[in-house]
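Undergrad: Please find one structure pasted underneath; my questions will follow.
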Amino acid sequence: MKAESGISYDNAAVASCPKHLLQFAVNQRYDDYTSVDHAVWRFIMRQNIFFLKEYAHKVYFQGLLNTGISFERIPRIEEMNDILAKIGWGAVAVDGFIPPAAFMEFQAYKVLVIACDMRQIHHIEYTPAPDIVHEAAGHAPIIVDREYSRYLQRFGEVGARAMQSKKDFELYQAIRHLSILKEQPNSDPKEIEEATKLVEHRQKTLGEPSEMALLSRLHWWTVEYGLIGTMENPKIYGAGLLSSIGESVSCLEPHVKKIPYSIDAMNQPFDITTKQPQLFVCRDFEHLKNVLEEFASKMAYQVGGLEGINKAIECNNVATCQYSSGLQVTGVFDEVIVDQNNNASPPRTPIYLHAKGPCGLAFKENELQGHGRDYHKDGFGSPIGNWKPIDLKEGKKTKLQFESGVTVEGKIDKLLERDGKLLLATFSNCTAKYGDRVLFDPSWGNYDMAVGDRIISVFNGAADKDAYNQVALVPKERTIKVPSDAKRKKLESLYAQVRQIRETKKGYERLGEIWETQQAEHPVDWLLSMEIFEILDVTNQQPELKAKIEKFLNQKKAQTKDLTTLIGWGFRLVEYHKKPEYQAALQASPK
């Protein structure tokens, strides 16, 4: 089944995602990939076969085959979904770098988000922005390992509840903007400099890192840039490394510091737009799970109480406080009153909380009828704790005296229960006080009082996100597609012709003419020359042309520092191409 946007929901994991997540999904627009894009993909993937076979985690290569990823062309999301469904996962295409909370929540639903852009040839080694190489060839193959996929899902569940601040989102926006500029082929250096300064400024003024900020670091140093095994001989499993042929080589060298992985990794910030100067090595995937649970045990959603409420207030963002009765209160929390008389046990116990509007009330992540953001548009406040024993009856005037000293007096209009527990008491003509302070005045309307002796959990976002209408802040700035002018289209045509010759094994005599055209009209390009050289080497044809191309590539290699490694890898790959293990891998890959 396809929605109007062209996104397929045949995959069960994707279909289970709520609306507030699916608003991030976009059409892959597969036909927009050019022949140059496919050639860049092919170069990277074939390098990965060569290098990662030895240096990646043992499950990676088999995972490439199991997830149906072709070495020869960019994969279709629909094809990947058919394969991922067999292990209970799915994938959606998105536009670039999405907010961390949404990314995490997709993981909780066992859905990989795949940035469908393709890196440009000038970023073939490493892309500053997420792209389909990073997502499809980095993340997807490793989740074939059941233990790792469970870790990834659990990380999503924890991350979806992590408290985050508005400053976190502002930093995310700045990083996204910088990554988009850096991926552009002709960005204004001054604009990049200004964007870099903005990222640095927002990092410095972030204040105390939120749960999401700390958790994002753990995610970065494991899921994105993790190493596994021994400190002396670690293997690669992080998607950022697996998808970066430049960094996958350099990351294992001695100049990149290796640190044993622990919860302390949360204190190490990262820069998404450059290579990492240090990496963390875990023993095994069980080690990852243990550190995650250690972190989760200290989070507001597990701790609750005053600590959790204070985190919600500090974040100044939509959050949910859950009472012991199960009632969930969503809003932007701005005050908590703490017991001043040590009446409560233990001391400094929260006895009243308040959130500014709009607010919503829910139970088990489902909004309570009549208690949405429109009804509670001016906010919500309620006591926390036990009151002295008294019978509650609808229609009866009642005065509740809480152990903390809070009093609530008025006529009970309605009592709301769920699963045998009282959640909410609605009063008319009600006054709520704490000492001399009036917490609720009868002129403000009816008073909805939450019931529960403590706050057992505090977590990010709305309890019922779809009902609360919490639009998940889809970025307004879109990733930039490289314009395809007449000159670029001619180059794309040359790549397409070479691809057709390679695949059909016909038209070898035209390779000389194609190469001469490339030399005359696109002298900066090198990858097409490498593709032609490879064909000539494999087929043992036109030795004079092959020698000319080899000379040209060696000149490029000597003259341009950035191309020295890439062209060297290309020659190495041509040699490797003849080996039986490469041919076997190529045969196993989907076409």
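Undergrad: Just give me the residues in region 304-316 being under 23 Å from the mean Cα position of the chain (by Cα) and open to solvent by 40 Å² or more (accessible area, probe 1.4 Å), in sequence order.
TA: Selection gives K311, N316.
Undergrad: Sticking with this one: Give me the residue from region 549-558 that is of a type in the set (D, E, K, R) and under 21 Å from Y576 (Cβ atoms) and, out of that set, surrounded by the most Cβ atoms within 10 Å (Cβ to Cβ).
TA: So the first thing to find is which residues in region 549-558 are of a type in the set (D, E, K, R), and the list is 550-551, 556-557.
Filter once more, keeping what is under 21 Å from Y576 (Cβ atoms): 550, 556-557.
Numbers: E550: 16, K556: 20, K557: 18.
Out of the qualifying residues, it is K556.
Undergrad: Tally up the residues in region 364-378 that are open to solvent by 30 Å² or more (accessible area, probe 1.4 Å) and outside any loop (DSSP other than H, G, I, E, B), please.
TA: As a first pass, look at region 364-378 and keep what is open to solvent by 30 Å² or more (accessible area, probe 1.4 Å): 364-367, 369-370, 373-375, 377-378.
Of the ones still in play, those that are also outside any loop (DSSP other than H, G, I, E, B) are 366-367.
The number of residues fulfilling the criteria is 2.
Undergrad: Would it be correct to say that F61 is open to solvent by 10 Å² or more (accessible area, probe 1.4 Å), modelled with pLDDT under 90 and under 20 Å from the mean Cα position of the chain (by Cα)?
TA: So F61 fails the test.
Undergrad: Among the residues of region 500-548 satisfying the criterion of being open to solvent by 80 Å² or more (accessible area, probe 1.4 Å) and of a type in the set (S, T, N, Q), which is nearest to R46 (Cα to Cα)?
TA: Ranking the qualifying residues of region 500-548, first place goes to Q500.
Undergrad: Being touching a strand residue (DSSP E or B) at 6+ places or on another chain (Cβ under 9 Å) and of a type in the set (V, I, T) is the filter here, so list the residues in region 211-238 that pass it.
TA: T222, I228, T230, I236
Undergrad: So, one more: Within the set of pairs 6 or more residues apart or between chains, which connect a residue that is at pLDDT below 65 inside region 334-352 to a residue that is open to solvent by 70 Å² or more (accessible area, probe 1.4 Å) with Cβ atoms less than 7 Å apart?
TA: Qualifying pairs under 7 Å: N343/E403; A344/E403.
Undergrad: Is at least one residue of region 78-91 touching a Phe, Trp or Tyr at 6+ places or on another chain (Cβ under 6 Å), modelled with pLDDT under 90 and either polar (S, T, N, Q) or open to solvent by less than 30 Å² (accessible area, probe 1.4 Å) (or both)?
TA: no
Undergrad: Between residues in region 437-459 that are in contact (Cβ under 8 Å) with a residue 60 or more places away in the chain and open to solvent by less than 50 Å² (accessible area, probe 1.4 Å) and residues that are part of a loop (DSSP other than H, G, I, E, B) and among the hydrophobic types (A, V, I, L, M, F, W, C), which pairs lie under 7 Å by C-beta distance while being six or more apart or on different chains?
TA: G452/I384; I455/I384
Undergrad: Something else: Can you pull out every residue in region 220-264 that is open to solvent by less than 10 Å² (accessible area, probe 1.4 Å), in a helix (DSSP H, G or I) and out of contact with any Asp or Glu (no Cβ under 9 Å at 6 or more places or on another chain)?
TA: Within region 220-264, W221, T222, V223, L242, S248 qualify.
Undergrad: Check A85, A39, A56 and return the single one that is closer than 30 Å to R217 by Cβ and in contact (Cβ under 8 Å) with a residue 24 or more places away in the chain.
TA: Exactly one residue qualifies, and that residue is A56.
Undergrad: In addition: Answer yes or no as to whether K399 is part of a strand (DSSP E or B), out of contact with any Leu (no Cβ under 7 Å at 6 or more places or on another chain) and open to solvent by 90 Å² or more (accessible area, probe 1.4 Å).
TA: yes
Undergrad: Check whether at least one residue in region 66-79 is assigned to a loop (DSSP other than H, G, I, E, B) and closer than 19 Å to C17 by Cβ, and report yes or no.
TA: no
Undergrad: Can you tell me how many residues in region 272-296 are without any contact (Cβ under 8 Å) to a residue 60 or more places away in the chain, open to solvent by 60 Å² or more (accessible area, probe 1.4 Å) and closer than 23 Å to R176 by Cβ?
TA: Counting residues in region 272-296 that are without any contact (Cβ under 8 Å) to a residue 60 or more places away in the chain, open to solvent by 60 Å² or more (accessible area, probe 1.4 Å) and closer than 23 Å to R176 by Cβ gives 1.
The values are calculated or read from the model by the stated rules, or taken from the named source; none is laboratory data. Note that the structure is predicted; figures quoted are calculated from it, not measured. Heads up, the Cβs are rebuilt from the backbone with ideal geometry, glycines too, and the neighbour counts pull from every protein chain shown. Ligands, DNA and RNA are excluded from the accessible area calculation, which covers all protein heavy atoms including side chains. Shrake-Rupley method; radii C 1.70, N 1.55, O 1.52, S 1.80 Å.
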